[in-house]
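A.B. asks: My questions will all concern the structure given below.
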């Protein structure tokens, strides 16, 4: 073990950079690398780093910054845009997964308190991992991507609630009701003070600080740590205060600037949380937890996605969308580790549970990264199971289609909305598998059909005989190839346009009379043309 604090931190950073490079080659997110580094440099691994006040302090600042950025980027519009599914499925999934996970943990021999912690830890999915992978795959704007992000927002809020409850319980359950009421009262008072500051003091203060951009970022960091310190002094957890600090700045015009500049600092400092976590693990404790960790990992990788997909199917979402959303949730969160670390700090748990949950995090995040990378293949395997829970088509989800339309637009999202707007004055039928989107279109007097275009029976049911144009705005290669093949076999002779986001997909789809729409390329061409004409 290195004696110099500076030497320890230098060793941590060098090893983290090396392991991060290996993780990139293996297409793994940095969270996996960070957890691995924490175990590698601690007593359970190379023994380079032990318990250190400096590492612990950096870990606390990193966690405060992590929660601050979660609050800062909390997007209520994302929850609203996905309708009731984000709230209903998010809450139901957490409750069901936590309950079933607790029973599984009990079956593995844990006491009720430990099993409850483990069950709740299994219920949350990784915001960092899912958003990063969706962004890399250009699926953030897809239906399953938007719903998944909405679920993550709900889960992040529930994590904060869980931390408040755990902190209120403290080290004893005696007088729990009165203690929780007192914590709630102090918490409400703090929320009120922060709300007043956010609406009366912070906006003009930030306007002044904005003259020097570095001061805005420094203020954001200071605000996160200061509110965290205040909540800790009030008997609440520091993490809750940091989250509240971020939430107070989320409505300001500086949220993006603060978030963009602090995210890299967060990534570096959160590394020390995993180092601090790993420094408390013993190799014997980790080895004894391998079999329970594999059992719990199987539960997370299989049962949680099925639960999410089943809940979505019961709410009217098609099996393919439900399955792809469910697959995204097949891992535990970095907040799961934070929750059990808080339990260890309060004396509710021992180091063995930390080792167990750490192993589950490594396995589930690592495996689910590859699952998400081939989510279409996995969705096809999960879809038959989900189909048993799929709600039958109801009359209120589909308009009564007329015999003739000038155009059938498949996909009523952002691009689909722009296409329908350009077709104003013509008879248009919108086809989508999002009940919320279809309700929005019907309120505007547009005829709709509810269904998934990859299902041949849907194409057969559409009034295509007198429709001169079919436009598919879904930028999914498999969907467009299936649609093209189905229409040709059905004898459709009208115009067909499909959507591609990349040059490779455009080349694959360019065949005969098919028109390939490239929204990004077309937008760039149009914008540059206007720029140079001006």
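A.B. asks: Name the residue, out of 438, 464, 501, that is closer than 16 Å to residue 412 by Cα and in the same structural domain as residue 413 (by TED's automatic domain parsing).
C.D. replies: Exactly one residue qualifies, and that residue is 438.
A.B. asks: Let me spell it out: the conditions are (1) out of contact with any helix residue (DSSP H, G or I) (no Cβ under 6 Å at 6 or more places or on another chain); (2) in contact (Cβ under 8 Å) with a residue 24 or more places away in the chain; (3) not in a strand (DSSP E or B), and residue 453 meets all of them except one. Which number is the exception?
C.D. replies: Against the list (1) out of contact with any helix residue (DSSP H, G or I) (no Cβ under 6 Å at 6 or more places or on another chain); (2) in contact (Cβ under 8 Å) with a residue 24 or more places away in the chain; (3) not in a strand (DSSP E or B), residue 453 comes up short only on (1).
A.B. asks: Within the stretch 113-120, does at least one residue satisfy the condition of being within 20 Å of residue 369 (Cα to Cα), crowded, with 22+ Cβ neighbours inside 10 Å and either in the same structural domain as residue 361 (by TED's automatic domain parsing) or touching a helix residue (DSSP H, G or I) at 6+ places or on another chain (Cβ under 8 Å) (or both)?
C.D. replies: Filtering the stretch 113-120 for residues within 20 Å of residue 369 (Cα to Cα) gives none.
Within the stretch 113-120, none of the residues are within 20 Å of residue 369 (Cα to Cα), crowded, with 22+ Cβ neighbours inside 10 Å and either in the same structural domain as residue 361 (by TED's automatic domain parsing) or touching a helix residue (DSSP H, G or I) at 6+ places or on another chain (Cβ under 8 Å) (or both).
Residues are listed down the side, and each one gets a yes or a no for (1) within 25 Å of residue 325 (Cα to Cα); (2) surrounded by 12 or more Cβ atoms within 10 Å (Cβ to Cβ):
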{"residue": "433", "(1), (2)": "yes, yes"}
{"residue": "449", "(1), (2)": "yes, yes"}
{"residue": "454", "(1), (2)": "yes, yes"}
{"residue": "457", "(1), (2)": "yes, no"}
{"residue": "464", "(1), (2)": "no, yes"}
{"residue": "472", "(1), (2)": "yes, yes"}
{"residue": "487", "(1), (2)": "no, yes"}
{"residue": "515", "(1), (2)": "no, yes"}
{"residue": "533", "(1), (2)": "no, no"}
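A.B. asks: Right, another one. State whether the residues of the stretch 392-404 include one that is at pLDDT 75 or above and either under 28 Å from the mean Cα position of the chain (by Cα) or surrounded by 14 or more Cβ atoms within 10 Å (Cβ to Cβ) (or both).
C.D. replies: So far as the stretch 392-404 goes, no, none of its residues is at pLDDT 75 or above and either under 28 Å from the mean Cα position of the chain (by Cα) or surrounded by 14 or more Cβ atoms within 10 Å (Cβ to Cβ) (or both).
A.B. asks: Taking the stretch 11-33 on its own, how many of its residues are over 22 Å from the mean Cα position of the chain (by Cα) and modelled with pLDDT under 85?
C.D. replies: Count: 2.
A.B. asks: A follow-up question, please. What is the residue count in the stretch 251-260 for residues that are within 21 Å of the chain's Cα centre (by Cα) and crowded, with 16+ Cβ neighbours inside 10 Å?
C.D. replies: 3
A.B. asks: Can you say whether residue 267 is assigned by TED's automatic domain parsing to the domain that holds residue 358, crowded, with 19+ Cβ neighbours inside 10 Å and at negative phi, as far as the supplied structure shows?
C.D. replies: The answer is no for residue 267.
A.B. asks: Step by step: first the residues of the stretch 277-292, then only those that are assigned to a helix (DSSP H, G or I) and at pLDDT 80 or above, then the one that is surrounded by the most Cβ atoms within 10 Å (Cβ to Cβ). Which residue is that?
C.D. replies: Step by step, filter the stretch 277-292, then rank; the result is 292.
A.B. asks: Shifting gears a bit: Could you say which residue among 356, 337, 328, 301 is within 20 Å of the chain's Cα centre (by Cα) and within 21 Å of residue 163 (Cβ to Cβ)?
C.D. replies: Details: 356 fails: within 20 Å of the chain's Cα centre (by Cα); 328 fails: within 21 Å of residue 163 (Cβ to Cβ); 301 fails: within 21 Å of residue 163 (Cβ to Cβ).
337 is the lone residue from the list that is within 20 Å of the chain's Cα centre (by Cα) and within 21 Å of residue 163 (Cβ to Cβ).
A.B. asks: Checking residue 505 against (1) more than 20 Å from residue 432 (Cα to Cα); (2) surrounded by fewer than 16 Cβ atoms within 10 Å (Cβ to Cβ), only one condition comes out false. Which one?
C.D. replies: Evaluating residue 505 over (1) more than 20 Å from residue 432 (Cα to Cα); (2) surrounded by fewer than 16 Cβ atoms within 10 Å (Cβ to Cβ) leaves (2) as the failure.
The values are calculated or read from the model by the stated rules, or taken from the named source; none is laboratory data. From a predicted model like this one, the values you see are computed outputs, not experimental measurements. Using ideal geometry, Cβ is built from the backbone for each residue, glycine included, and neighbour counts are taken over all protein chains shown.
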